[in-house]
Amino acid sequence: MNPASITLNSPPSSPMKEWLAPRAQVVSHLRGWIEDGTLSQGQQLPSERTLAQQLGVSRETVRSALEVLFEEGLIRPNGARSRIVSVPVDQKQTTRGAGKLLENSVAVLTRHVEARASRRSSGWYEYFAQGVTVAVRESGLHVLTLHPDRASEEEIEHLCEAAPRGVVVVDTIGDSSAALREAQILQKRGVPVVVLGDAPHLEGFDRVASDHETGSYELTKWLLAQGRRRPLLLWQAPPGVSWFAPRRAGYERAMREAGLEALPVIEMEPIFADDLALWEKSARATAGYLVEHLVGATPADAVMVATDSAAFAAAAACRLCGRQPSRDVLIAGYDNYWRDCAERSFESAVPAVTVEKFNDQIGAQAVRLLLDRVSAHLPCEPQLRLVAPQVIATEAV
């Protein structure tokens, strides 16, 4: 039979899922034809041009979809320019039952589901997932939660075959993490994926992140408005974190606009203190990094830490260096969860100011971006949406 003459109607058992991205629509359609026998084993597929015309998409979209089917083993090359069906229908395992449920579901890859009772502030990591879950349910869809470290490769493959509405990856995913590998598999198989984060290795995905540059800029401006002229960046964080550059840029921009010198960033490894012995170690280590900047003719008059939990050690360090926190030196936190920090039981001074990132809103924005993607309202290029934070003064001022 001439492949160009094959009548390829949408099979009743596999309707075109209009909410999918164009490539995923083509994958679903072609897979349905193979499964219901419209395209049988050994049969040559119509040309890319013919498929593009019949399905109303570009040839590039068809070519990308055919690559997915090739990787699944459903088709194989036949000469230089044609392809044939390679798997018998009775050997193809389908997941139609699950698909009926999952086509109206959003999967969430996360290690964090619900916030602990002691974590009331939205700055904790769990509130990203909470924002995703609430937004999915408000959209009238189901939520499927998967732990990235426990999901097997086979389970991810089954998820791809069931074609969920999309996937939101909540956890900060490193360049070699299980979550990143799973996100790459899902995206390659045509499943729409949105990740939370703005690290360079995530640029191939649709992403939502906090606007770190704006947050640091507004925080520095707030300190300047309090009469501080030498705010110092003290970042207790692992090397290479993605927010480092934008937060540094925001600080430098505010200092430059004020005609002031931007001070160097002090970097130190984080020490999380949940007992008194570790707390004392943290405070003394912090004092060692700060002492040369807190004494002398032109001492720093504010310290901007990486996150709220580090503000307490910074306050204690100031005291060890003979400077009074909240008076001689303003401590600026970040993430707005200082009320829940264990370190608060060891130090009375709280940060004078912090930054609310609205983690739940970031999660909700990820769902909106995902639904915009599957409704084909976005350009093909991966999108980055930034959520503006807000500077919040505490009772310390």
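Per-residue answers, yes or no, for (1) in contact with a strand residue (DSSP E or B) (Cβ under 8 Å, 6 or more places away or on another chain); (2) not assigned by TED's automatic domain parsing to the domain that holds Glu261:
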site: Tyr289; (1), (2): yes, no
site: Gly296; (1), (2): no, no
site: Val305; (1), (2): yes, no
site: Leu320; (1), (2): no, no
site: Arg323; (1), (2): yes, no
site: Ala332; (1), (2): yes, no
site: Glu343; (1), (2): no, no
site: Ala376; (1), (2): no, yes
site: Glu381; (1), (2): no, yes
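Does the range 216-246 hold any residues that are surrounded by fewer than 18 Cβ atoms within 10 Å (Cβ to Cβ) and hydroxyl-bearing (Ser, Thr, Tyr), and which are they?
Ser242
Do any strands (runs of 3 or more DSSP E) lying entirely in the range 133-215 carry at least 3 residues that are within 23 Å of Arg23 (Cα to Cα), of a type outside the set (Ser, Thr, Tyr) and out of contact with any Lys or Arg (no Cβ under 8 Å at 6 or more places or on another chain), and which ones are they?
Working: elements: 142-146, 166-169, 193-196, 206-210.
Passing ranges, in order: 166-169.
Which one is surrounded by the most Cβ atoms within 10 Å (Cβ to Cβ), of the residues in the range 47-83 that are touching a residue at least 12 places away in the same chain (Cβ under 8 Å), of a type in the set (Gly, Ala, Ser) and farther than 15 Å from Gln25 by Cβ?
Here the answer is Ser47.
Return the residue satisfying two criteria in turn: it lies in the range 114-150 and is closer than 19 Å to Tyr337 by Cβ and exposed (fewer than 14 other Cβ atoms within 10 Å of the Cβ), and of such residues it is modelled with the lowest pLDDT.
For the range 114-150, the residue satisfying everything is Ala117.
What do you reckon, is Leu369 out of contact with any Ser or Thr (no Cβ under 9 Å at 6 or more places or on another chain), closer than 19 Å to Thr133 by Cβ and touching a residue at least 12 places away in the same chain (Cβ under 8 Å)? Write out each step before concluding.
On the way: out of contact with any Ser or Thr (no Cβ under 9 Å at 6 or more places or on another chain): yes; closer than 19 Å to Thr133 by Cβ: yes; touching a residue at least 12 places away in the same chain (Cβ under 8 Å): yes.
Yes.
What number of residues within the range 56-75 satisfy the criterion of being touching a helix residue (DSSP H, G or I) at 6+ places or on another chain (Cβ under 7 Å) and either charged (D, E, K, R) or part of a strand (DSSP E or B) (or both)?
Keep residues of the range 56-75 that are touching a helix residue (DSSP H, G or I) at 6+ places or on another chain (Cβ under 7 Å), which gives 57-59, 61-65, 68-69, 74-75.
Filter once more, keeping what is either charged (D, E, K, R) or part of a strand (DSSP E or B) (or both): 59, 63, 75.
Total satisfying the criteria: 3.
Any idea which of Pro238, Pro264 is within 30 Å of Ala364 (Cβ to Cβ) and at pLDDT below 95?
Working: Pro264 fails: within 30 Å of Ala364 (Cβ to Cβ).
Going through Pro238, Pro264 in turn, the sole match is Pro238.
Within the range 280-310, work out how many residues are over 13 Å from Arg323 (Cα atoms) and under 31 Å from the mean Cα position of the chain (by Cα).
Number of matching residues: 9.
Please verify whether Asp171 is surrounded by 15 or more Cβ atoms within 10 Å (Cβ to Cβ), at pLDDT below 85 and not small (Gly, Ala, Ser), treating the condition exactly as stated. Steps first, please.
Details: surrounded by 15 or more Cβ atoms within 10 Å (Cβ to Cβ): yes; at pLDDT below 85: yes; not small (Gly, Ala, Ser): yes.
Answer is yes for this residue.
Out of curiosity, is Ala311 of a type in the set (Gly, Ala, Ser), outside any helix (DSSP H, G or I) and outside the structural domain of His201 (by TED's automatic domain parsing)? It would help to see each step written out before you state the result.
Numbers: of a type in the set (Gly, Ala, Ser): yes; outside any helix (DSSP H, G or I): no; outside the structural domain of His201 (by TED's automatic domain parsing): yes.
Criteria not met by Ala311.
The values are calculated or read from the model by the stated rules, or taken from the named source; none is laboratory data. From a predicted model like this one, the values you see are computed outputs, not experimental measurements. When we count neighbours, we look across all protein chains shown, and the Cβ atoms used for this are built from the backbone with ideal geometry, even at glycine.
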